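Worksheet: the structure to be examined is printed underneath.
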Amino acid sequence: MRRLDLRGAARGLFIEAVVVVALTLAALGLAFLVLLLR
Amino acid sequence: MLLKPATEDFQAIGFALGRVVLVVAAAGLVPLTWAVLQQEWKPLGGIVLMIGLAALIGASSELLRPEKSKLSWSHGMVVVALTWLVIPALGSIPLWLSGHFGRYLDAYFDAMSGLTTTGLSLLQDVDHLAESLNVWRHTLHFLGGQGIVLAALTFFAVSGVLSLYHGEGRDDQIFPSVTSTARFIWTVSLVHGAVGIAVLTAEGILQLGFEPRRAFFHAINVFMAAFDTGGFTSMSSSIAYYGSAVFEATAAVLMVAGALSFGLHHALWRRTQGLLRNLEIRTILTTFAGTLILTIVGLAVAGTYTDSASLTRRGLFQTLSAHTGTGFSSVPTAELARWSGLTFIGISIAMALGGMASSTAGGVKSLRVGLTFASLVDTVREALLPERSVISTTFHQTRRQVLTQRLAKSVMAISLLYVATYLGGAAVGLAYGYPLTDALFESVSATAAVGLSVGVTQPGMPAILEAVMVAQMWLGRLEFIAAFSLLGFVISWMTGE
């Protein structure tokens, strides 16, 4: 690793952000469903 | 017959330990600079004393320089175990002198909690602690999360690096040499640091209305605590202090990044294909989904939150905080203590399982959980199939690998040791009269380096329970092996011939 792989780093950070967004949407769907069925 | 360690053994261990201690002297320059810039003269004295002592120990170790420069495997393990006892002792000096701790053990507890990236704290009145000392607490998170020995081998060229690297609970070697792997780990951390601090500072200024210097102070602390899955905060109300969903989401991205193995970071950076076949990724996704369902359903059934936005925000953040081993809390301790039933089970299991192996997270680790499950399936298949059947199980982790008996045995042994430590700590809590749920929660939180608390960890807690929790944090972070090596070394020294 002599030079910083900027594109790779940006891809990594983007995927991590996408994971959090996906988890939020999944949790929101679950919360909505559970409250509806309660 | 055990062999008594010779003088050369002590020399080799002392020399390497001294080298590692130099890292504290170097890292102490961070709070020192902050104290000078902020003109915090009172904490400056303690910081200078710590740096001076660390530098003196480091320099004195030159006198022990052994003839053979290479450390043996067992010596390396002993060095790691001792390092993680000595560094908190040095790191606790400025904390203890601040007057924010009731007794010295509390300051040592905080330094150990910082270094092991646990996040439990016995600090009194954190809201009025000098900024430089808060920066130091969070720097301990960063040092511990990165692996302090890893730092030493990067900057001070310590020999016998492989055992030191493994002793700190790191298993995957991304590049052929440990030094290149260490450099990659630092690169990943510094990239996340640069982006994370910039984003958090901007949010602090634009959304929270902080002045730039204050926003920067909070941003670097939150970054170090989130990415290194530590959990300290500079305010007593933890992450809830900021009262911002956007700020929490940014912290969540850093927490997720911290719980990923550095091998996976490398794969993401290199656009590696077929990541969803990876056993560890499958395991962590499954266990996270399971614990999230338990938490959210539990909170909904108990009627704790009645709208889906609040339920999602609290339930997801707390599960993420527990599973990644961070320990940030978006709800007050008293409220968390009331989370019972399914929610309690969900959060406790998430804490106990932890993040990925070779990440900054603690706990049993997803790879071990996945392999334990695969071994159990193997055992059932063995029982069901005819006697002469040959069963060979493979799993995908970077490449296709065979689950050998030896690997399964070692994975099971470490997993069992975690469970035993969870239960052992809970037994001590029970002996002091705490309810079973509280004692178990706090014990798991300490061993798995999480830092969530239901109120057992507080100033004035029984000293023995506090000492047990210090030992749990130490054992959990080192994943037992280095600690056993130290124990073996001491026994050979005392009884060997």
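What follows is calculated from the coordinates using simple rules that are stated; it is not laboratory data. Bear in mind the structure is a predicted one, so any value in this text is a computation, not a measurement. Using ideal geometry, Cβ is built from the backbone for each residue, glycine included, and neighbour counts are taken over all protein chains shown.
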From the phi angles alone, apply the Karplus equation (6.51, -1.76, 1.60; θ = phi - 60°) to segment B:199-210 and give each ³J(HN,Hα) in whole Hz, x where the residue is Gly or Pro. 5, 5, 5, 4, 5, x, 6, 6, 9, 8, x, 6
Take the alpha carbon gyration tensor of segment B:187-300, find the square roots of its eigenvalues, order them as a ≥ b ≥ c, and report rounded if a/c is under 1.5; if not, report prolate when a/b exceeds b/c, else oblate. oblate
Contact order normalised by residue count of chain B, Cα under 8 Å, 6+ apart, percent: 19
Note, ³J(HN,Hα) from phi for segment B:75-91, Karplus 6.51, -1.76, 1.60, rounded to Hz, x at Gly and Pro: 4, x, 5, 5, 4, 4, 4, 5, 3, 6, 9, 6, 4, x, 5, 6, x
Restricting things to Cα coordinates, could you compute the convex hull volume per residue of the protein assembly as shown in Å³? 167
Starting from the Kirkwood radius over alpha-carbon pairs of segment B:1-138, derive D by Stokes-Einstein at 25 °C in a medium of 0.890 mPa s and give it in µm² s⁻¹. 154
Average partner chain C-beta neighbours within 10 Å, per residue of A:3-14? 5
Please give, to one decimal in nm, the separation of the simple spin-label points placed at B:Ala467 and B:Leu190, each 7 Å out from Cα toward the Cβ. 4.2
Could you tell me which of B:Leu44, B:Thr187, B:Thr118 has its Cα farthest along the dipole of chain B towards the positive end, charges placed at Cβ (Lys, Arg +1; Asp, Glu -1), taken about the Cα centre? B:Thr187
Let me know the mean shielding of B:291-303 by other chains, meaning the per-residue number of their Cβ atoms within 10 Å of its Cβ. 3
Span from the segment B:389-451 Cα centroid across to the segment B:30-82 one, whole angstrom: 33
Between B:Asp307 and B:Ser177, Cβ-based FRET efficiency (R0 60 Å, step 0.05) works out to 0.65
At 20 °C and a viscosity of 1.002 mPa s, what translational diffusion coefficient does Stokes-Einstein give for chain B, taking Rh as the Kirkwood radius over Cα pairs? Give it in µm²/s as a whole number. 93
Note, ³J(HN,Hα) from phi for segment B:232-243, Karplus 6.51, -1.76, 1.60, rounded to Hz, x at Gly and Pro: 5, 9, 8, 10, 5, 8, 6, 5, 5, 4, 6, x
Potential lengthening between B:Leu49 and B:Ala6 on full extension [0.36 nm per residue; Cα-Cα distance subtracted]: 12.2 nm
I need the per residue convex hull volume for segment B:33-91, using only the alpha carbons, in cubic angstrom as a whole number. 96
Rg to Rh quotient for segment B:277-373, alpha carbon positions, Kirkwood Rh: 0.99
Cross-link reach list, aspartates and glutamates versus B:Lys409, counting only Cα pairs under 20 Å and skipping chain neighbours closer than eight places: B:Asp171, B:Asp172, B:Glu280, B:Asp378, B:Glu382, B:Glu479
Least to most buried among A:Arg7, B:Arg313, B:Arg65, by other C-beta atoms within 10 Å and fewest first, runs A:Arg7, B:Arg65, B:Arg313
Give me B:Trp84, B:Trp96 sorted ascending by neighbouring Cβ count inside 10 Å, so fewest comes first. B:Trp96, B:Trp84
For peptide B:187-199, how many partner chain Cβ atoms fall within 10 Å of a residue's Cβ, on average? 2
Send over the semi-axes of segment B:215-367's equivalent ellipsoid, whole angstrom and largest first, taken as the square roots of 5 times the C-alpha gyration tensor eigenvalues. 25, 20, 13
So B:Glu497 and B:Ser237, fully extended at 0.36 nm per residue minus their Cα-Cα distance, gain in nm 88.1 nm
Between B:Leu206 and B:His128, what is 0.36 nm times their sequence separation minus the Cα-Cα distance? Round to one decimal in nm. 25.6 nm
